[in-house]
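Worksheet: the structure to be examined is printed underneath.
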Amino acid sequence: GKVEPGETIEQGALRELQEESFLEATSLISHGQIVFTFQTIPDIMEVNIFSVESWKGEPSESEEMRPQWYNHEDIPYDEMWA
């Protein structure tokens, strides 16, 4: 998701989580930032990484995502961003 004008990165992350998964985070932990560059386009993508230890609600499918849970060793990285 994108940060809206006037939002902090944290506020944007909380809003995007709620809009896309219908979860309301009650905690947000920052783990850093990854910068993606692309060979075919000049854009640089800065991705901030957060985790949540507590939340309200149940994850639900939206137009943006279909929530699924994985063990760390089973995350399908090769299927992401396909």
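Worth pointing out:
- Dipole moment magnitude, nearest 20 debye, the chain about Cα centre, only Lys, Arg, Asp, Glu C-beta charged: 180 debye
- Averaged over its residues, the chain has an accessible area of 86 Å² per residue, based on protein heavy atoms and a 1.4 Å probe.
- Sorted peptide list for 30-41, 45-56, criterion being average Cβ within 10 angstrom, highest first: 45-56, 30-41
- Region 55-82 and region 1-33: distance between their alpha carbon centers, rounded to Å: 16 Å
- Helix-only [θ]222 nm of the chain, DSSP H runs n ≥ 4, -39500 (n - 2.57) each, per residue, nearest 500: -5000 deg cm²/dmol
- Working note: Karplus 6.51/-1.76/1.60 with θ = phi - 60° gives region 8-19 the couplings 7, 4, 5, 4, x, 5, 5, 5, 4, 4, 5, 5 Hz, where Gly and Pro are set to x.
- For the residues 42, 59, 67, a GNM of the chain with alpha-carbon springs under 10 Å puts the largest fluctuation on 42.
- Accessible surface of the chain [probe 1.4 Å, protein heavy atoms]: carbon and sulfur percent: 51 percent
- Interchain or long-range residues, amide H under 5 Å from residue 50's placed H: 31
- Whole-Hz couplings from phi, Karplus 6.51/-1.76/1.60, listed for region 21-29; x for Gly and Pro: 10, 6, 9, 10, 6, 9, 8, 9, 10
- Volume per residue of the C-alpha convex hull in region 1-53, rounded to whole Å³: 96 Å³
The values are calculated or read from the model by the stated rules, or taken from the named source; none is laboratory data. Treat the numbers as computed from the prediction; the structure is a model and nothing was measured. Cβ sites come from the backbone with ideal geometry, for glycine too, and all protein chains shown count toward neighbours. Just the protein is used for accessible areas: all its heavy atoms, side chains included, with ligands, DNA and RNA removed. Shrake-Rupley method; radii C 1.70, N 1.55, O 1.52, S 1.80 Å.
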